[in-house]
Amino acid sequence: MSDQQPTTHLSAGSDEGPRDPEHDPAAVLALEPDYVDRLTARILATSGETSEVRSPISGATLAHIPQSSEADIVEAFARARRAQESWARTPFKTRQALLLRLHDLVLERQAEIMDLIVLESGKARKHAFDEPLHIALTARYYGRTLGDHLRTERTPGVFPVLTRVEINHVPKGVVGIISPWNYPFTLALCDGLAAIAAGNAVVTKPDAQTMLTALLGAELLEQAGLPKDLWTVVAGEGSVAGPSIIAKADYICFTGSTATGKRVAQGCAERLIGCSLELGGKNPMLVLADADLDRAVEGAVRAVYSNSGQLCVSIERLYVADAIYDRFMERFTSRVQAMALGAGLEWEIDMGSLISQQQVDNATAHVEDAVAKGARLRTGGVARTDLAPYFFEPTILEQVTPEMDVFAHETFGPVVSVYRFTDEADAVARANQGEYGLNASVWTRDTARGRRIARQIKAGSVNVNESFAASFASLAAPMGGMRESGMGRRQGREGILRYTESQTVATERLANIEPMFGMSDETWAKVMTVSLKALKKTGRA
């Protein structure tokens, strides 16, 4: 257990009373009831119904999550709208200070955050650390830059001097956020931070399995100084609560599967409200003949097996130049087989558990289908219930062909298909196959060449000599998908302006834009024509 932050309130339970799992394998990690009650009290829920959450590490019960009714969701939006009216008038410096305080709180309480992430999701602690890191980066970025993005802009008017034009960025109102379980702290908070920075309120429905982590994020926001009702958490089945949120929000941010994302987009289209969707991917990685092999192997391990492959930007297709294929595969396979597998709070674990039996079943089905149709199983390919209820070994497949399910369908697990290539143009064409376009990776010693290849790949992010972290952690750059991997962007200027409406205010001086001094319309048209030609000669846009 972590000893950096005692406020996590971890306990170890058994039939005979508390025991320490570090010294007693029969003990089970759990959470103190008072700690759970403190977090779940933040949910706006009066239905009297609850949903049990169990840890994928051991199957132990972590919490019973109160469920929100339709009336609760209506009330959440009513409160949010009242709070947002005054928040929209809050000076930028007040919002900036709040975000910078959140930055510090997240770093101070990172051990507590990671404990909850690991207990709820089963991921390795080293991968859980990515989440407070990303939220600290996000809070700092918008804490430093929101004024640059949001303050009123001057832009040239139709007539120099005579026409003054300003562009205001007006908050949408109340943003509905529906976040998934795979990165429960990052995705519960990162999109919402930009929304409140822009002057909006947030009503959020985190995934049921990882609700406690999201609630800890809400607690930290309050401690950073966010006013009451600007960030309201509701709980419920996605198929029920999701449509209710879409029916009431002024903008929707959704992260999840492509199939569900399409339904979200349809609901938003019915109301003519905007949405941003970060959806599925079947992400490719290209290892060119001149790549640094050791560096590329380590990159592939991170790219494929971070969070056991349950990462929207993880790599599931690996294309390796024929000239180095055998050497790469020998090193890659050895490195994967040497990974420390486990489920627990320790830093030493290289890959943790999947989150549910559904994820195990999907990975198993993809592997079994591929092997039955002729694929070669290089390593892995089996569930390991001796390690955790939902553990699946890191898996490498070769000789995968288009008729296999794993070829084009997202596994969202620790499974990668590896292919040879001899021609780089062919490798790029194969990387662009399918309907997705979220992330890609290119490995080469010639970084200029890597960037040229990157521009040919149909993906919202392409990392050269990195797996995904270089783009994802660069907060000034937009992140999102092409094609069926989504629409809209998080992070950067685009990530905050999506939550605003652009308002143009034009002021005309001295005279109206119409015939003057008794001119006829025909004479006015001739004067305007001469003026337009003159303005073109000055280089004016």
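The values are calculated or read from the model by the stated rules, or taken from the named source; none is laboratory data. Here the structure is a predicted model, which means the values were calculated and not measured. Using ideal geometry, Cβ is built from the backbone for each residue, glycine included, and neighbour counts are taken over all protein chains shown. All accessible areas refer to the heavy atoms of the entire protein, side chains included, with ligands and DNA or RNA removed. Shrake-Rupley method; radii C 1.70, N 1.55, O 1.52, S 1.80 Å.
Conditions (1) among the hydroxyl-bearing types (Ser, Thr, Tyr); (2) in contact with a strand residue (DSSP E or B) (Cβ under 6 Å, 6 or more places away or on another chain), marked per residue:
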position	(1), (2)
Asn182	no, no
Leu189	no, no
Gly192	no, yes
Lys205	no, yes
Thr210	yes, no
Thr213	yes, no
Ala218	no, yes
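Could you please let me know if Val170 is open to solvent by less than 10 Å² (accessible area, probe 1.4 Å) and touching a residue at least 12 places away in the same chain (Cβ under 8 Å)?
Spelling it out, it is not the case that Val170 is open to solvent by less than 10 Å² (accessible area, probe 1.4 Å) and touching a residue at least 12 places away in the same chain (Cβ under 8 Å).
When you scan the stretch 170-274 for helices (runs of 4 or more DSSP H) that lie fully inside it, which ones turn up with 3 or more residues that are over 20 Å from Arg42 (Cβ atoms)?
238-248, 258-271
Can you report the number of residues in the stretch 401-416 which are under 14 Å from Gly281 (Cβ atoms) and not β-branched (Val, Ile, Thr)?
Result for the stretch 401-416: 5.
When the residues of the stretch 494-540 are narrowed to those that are surrounded by 15 or more Cβ atoms within 10 Å (Cβ to Cβ) and in contact with a helix residue (DSSP H, G or I) (Cβ under 9 Å, 6 or more places away or on another chain), which ends up farthest from Tyr141 (Cα to Cα)?
Pro515
Output the number of the condition that Glu346 fails; it satisfies all remaining conditions of (1) buried (at least 17 other Cβ atoms within 10 Å of the Cβ); (2) within 20 Å of Asp115 (Cβ to Cβ); (3) of a type in the set (D, E, K, R).
All conditions are met except number (1).
Any residue in the stretch 35-60 that's assigned to a strand (DSSP E or B): show its pairings with residues that are among the acidic types (Asp, Glu) at Cβ separation under 8 Å, as long as the two are six or more apart or on different chains.
Val53/Glu120
Looking only at the stretch 280-338, count every residue that is under 26 Å from Arg125 (Cα atoms) and in contact with a strand residue (DSSP E or B) (Cβ under 8 Å, 6 or more places away or on another chain) and tell me the total.
Qualifying residue count for the region: 25.
Need pairs with beta-carbon distance below 8 Å; first residue under 22 Å from Thr61 (Cα atoms) and within the stretch 346-359, second open to solvent by less than 20 Å² (accessible area, probe 1.4 Å) and of a type in the set (Val, Ile, Thr); sequence gap 6+ or separate chains.
Here the result reads Gly352/Val118; Leu354/Val360, each pair linking the stretch 346-359 to a residue that is open to solvent by less than 20 Å² (accessible area, probe 1.4 Å) and of a type in the set (Val, Ile, Thr).
Please find, among Tyr183, Tyr141, the residue that is crowded, with 24+ Cβ neighbours inside 10 Å and modelled with pLDDT of 95 or more.
Residue meeting the stated conditions: Tyr183.
Among the residues of the stretch 470-487, which ones are surrounded by fewer than 20 Cβ atoms within 10 Å (Cβ to Cβ) and more than 21 Å from Gly143 (Cβ to Cβ)?
Within the stretch 470-487, Ala470, Met482, Arg483, Met487 qualify.
Looking only at the stretch 97-123, which residues are surrounded by fewer than 24 Cβ atoms within 10 Å (Cβ to Cβ) and part of a helix (DSSP H, G or I)?
Ala97, Leu98, Leu100, Arg101, His103, Asp104, Leu105, Leu107, Glu108, Gln110, Ala111, Glu112
State all residues of the stretch 217-270 that are among the charged types (D, E, K, R) and open to solvent by 10 Å² or more (accessible area, probe 1.4 Å); if no residue qualifies, say none.
Listed by number, the residues that qualify are Glu222, Lys228, Asp229, Glu237, Lys248, Asp250, Lys262, Arg263, Glu270.
All but one of (1) touching a residue at least 40 places away in the same chain (Cβ under 8 Å); (2) open to solvent by less than 70 Å² (accessible area, probe 1.4 Å); (3) under 26 Å from the mean Cα position of the chain (by Cα) hold for Thr364; state the number of the condition that does not hold.
Of the numbered conditions (1) touching a residue at least 40 places away in the same chain (Cβ under 8 Å); (2) open to solvent by less than 70 Å² (accessible area, probe 1.4 Å); (3) under 26 Å from the mean Cα position of the chain (by Cα), the odd one out for Thr364 is (1).
Out of the strands (runs of 3 or more DSSP E) lying entirely within the stretch 381-465, which hold 3 or more residues that are open to solvent by less than 10 Å² (accessible area, probe 1.4 Å)?
Because the criterion is at least 3 residues that are open to solvent by less than 10 Å² (accessible area, probe 1.4 Å), the strands (runs of 3 or more DSSP E) in the stretch 381-465 that meet it are 395-398, 415-421, 439-443.
Can you confirm whether the stretch 313-331 contains a residue that is modelled with pLDDT of 95 or more, open to solvent by less than 10 Å² (accessible area, probe 1.4 Å), under 24 Å from Tyr390 (Cβ atoms) and outside any strand (DSSP E or B)?
Looking through the stretch 313-331, at least one residue is modelled with pLDDT of 95 or more, open to solvent by less than 10 Å² (accessible area, probe 1.4 Å), under 24 Å from Tyr390 (Cβ atoms) and outside any strand (DSSP E or B).
For the stretch 70-96, give me the residue count where each residue is open to solvent by 30 Å² or more (accessible area, probe 1.4 Å) and either part of a loop (DSSP other than H, G, I, E, B) or within 30 Å of Ser308 (Cα to Cα) (or both).
Adding up the residues that qualify gives 3.
In the stretch 499-515, what residues are at pLDDT 95 or above and either β-branched (Val, Ile, Thr) or under 26 Å from Gly434 (Cβ atoms) (or both)?
If the condition is that a residue be at pLDDT 95 or above and either β-branched (Val, Ile, Thr) or under 26 Å from Gly434 (Cβ atoms) (or both), then Thr500, Thr504, Val505, Thr507 are the ones that fit.
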